[in-house]
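A.B. asks: To start, I am sharing the structure in question, which I have written as structure tokens.
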Amino acid sequence: MVAVCDHDGRLLRHVAIIMDGNGRWASQRSLPREEGHRAGAESVRRILQAVIELSIPYLTIFAFSSENWRRPGREVGHLMGLMRYHLSNERDELVGRGIRVGFIGDRSGLDSDVLGLMSDMERATADGTALTVTVALNYGARDEIVRAARALAMDCAAGDLEPSTLDEEGFARHLDTSALPDPDLIIRTGGEQRLSNFLAWQGAYAELVFLDVPWPEFSRDDLEAAVSEFHRRDRRYGAVTTS
């Protein structure tokens, strides 16, 4: 098993994953893109267990971006159908495994039945202690920051906040992730090397690992390799290493 501490003894507490490559995986097999998304959902189940066994307490997964609505209607409908299925059918298993589930993103853009399933999942899993999983659903980092700025502007207009007192910590409390530590490691599968509007604020000092493997093939070995790469990085946070 790989270690979860870096060379200075700091814990790897939070891994975030951009689960990319489902469509290309399917295309390479002459399958419809929907089959890639279905296979990707199975990968999530495997990786949840691997993260628990590696004693990493927080995992965030990018399930559906605010830009994904631009995809063909059939594909969007399938993705939402998969979300409904897993929210409806995996709640009891997640409770039994001690996995707490939360969501980030703009909920105003989601159908009422999906919102109900999300709320049910959050309530049912609230006592989980083995792992906290955050699902980014209808999420975009720029949108998140704009929503936080809008809330702060309203606080200022109402006289509840003095603008000169606002600092980074105060701003972060208005983000969707206010209850979470910032990610230490962001992994992207599928070969692309960009964040694609994911955790722009929170990932300012995260280590980034880009892998060619498509998400449906992402394995525990791939996760451990990414964690090992994280440990080899020198995380200085803007400081200079002294010898």
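A.B. asks: In cubic angstrom, how much convex hull volume per residue do the alpha carbon atoms of region 1-121 span?
C.D. replies: Looking at region 1-121, the number lands at 136 Å³ per residue.
A.B. asks: Now a separate question. Could you report region 57-139's accessible area per residue, 1.4 Å probe, as an integer in Å²?
C.D. replies: Averaged over the residues of region 57-139, the accessible area is 47 Å².
A.B. asks: Separate question: Just grab the label-to-label distance for Ala179 and Arg71, each label 7 Å out from Cα along the Cβ direction, in nm (one decimal).
C.D. replies: Reported label-point gap for Ala179 and Arg71 is 2.7 nm.
A.B. asks: Averaging sequence separations of C-alpha pairs under 8 Å and six or more residues apart, then dividing by the length of the chain, give the relative contact order as a whole percent.
C.D. replies: In percent, rounded to a whole number, it is 28.
A.B. asks: Out of all DSSP beta bridges in the chain, what portion is antiparallel? Express it as a percent rounded to 5.
C.D. replies: Restricted to the chain, the bridges split so that about 5 percent are antiparallel.
A.B. asks: Distance between Cα centroids, region 24-53 to region 60-128: provide it in whole Å.
C.D. replies: So the two Cα centres are separated by 16 Å.
A.B. asks: Quick one: Karplus J couplings for region 194-204, per residue in order, coefficients 6.51, -1.76, 1.60, θ = phi - 60°, nearest Hz, x for Gly and Pro?
C.D. replies: Coupling constants for region 194-204: 7, 8, 6, 6, 10, 6, 4, 6, 5, x, 4 Hz.
A.B. asks: Multiply the residue separation of Ser55 and Val213 by 0.36 nm, subtract the distance between their alpha-carbon atoms, and state the gained length in nm to one decimal.
C.D. replies: This chain segment gains 54.5 nm when fully extended.
A.B. asks: With only alpha-carbon pairs counted, each pair once and no self-pairs, how large is the Kirkwood hydrodynamic radius of the chain in angstroms?
C.D. replies: 19.1 Å
A.B. asks: Then there is this: Expressed as a whole percent, how much of the Cα-Cα distance distribution for region 100-231 exceeds 17 Å?
C.D. replies: 68 percent
A.B. asks: Under 5 Å between amide H atoms, partner at least 5 residues away or on a different chain: which partners does Ile17 have, H built in plane at 1.01 Å?
C.D. replies: Thr60, Ile61, Phe62, Ile187
A.B. asks: Let me ask something else. Protein chains only, probe 1.4 Å: how do Thr132, Thr189 rank by accessible area, largest first?
C.D. replies: Descending accessible area places them as Thr132, Thr189.
A.B. asks: A follow-up question, please. Taking the full set of protein chains and a 1.4 angstrom probe, give the accessible area of Ser65 in square angstrom, rounded to the nearest 10.
C.D. replies: 10 Å²
A.B. asks: How large is the charge dipole for the chain, taken about the Cα centre, if only the Cβ atoms of Lys, Arg (+1) and Asp, Glu (-1) carry charge, to the nearest 20 debye?
C.D. replies: 520 debye
A.B. asks: Set the Förster distance to 22 Å, then compute FRET efficiency between Tyr85 and Ser112 from the Cβ-Cβ distance, nearest 0.05.
C.D. replies: Efficiency for this residue pair is about 0.80.
A.B. asks: Evaluate the distance, in nm, between pseudo-label points positioned 7 Å from the Cα of Arg123 and of Glu229 along their respective Cα→Cβ axes.
C.D. replies: Here the answer is 4.2 nm between the modelled labels.
The values are calculated or read from the model by the stated rules, or taken from the named source; none is laboratory data. Remember, it's a predicted structure, so these values are computed and weren't measured experimentally. Virtual Cβ from ideal backbone geometry, glycine too; neighbours counted across all protein chains shown. The protein model used for the area step is the full one, side chains on, heavy atoms only, and it has no ligands, DNA or RNA in it. Shrake-Rupley method; radii C 1.70, N 1.55, O 1.52, S 1.80 Å.
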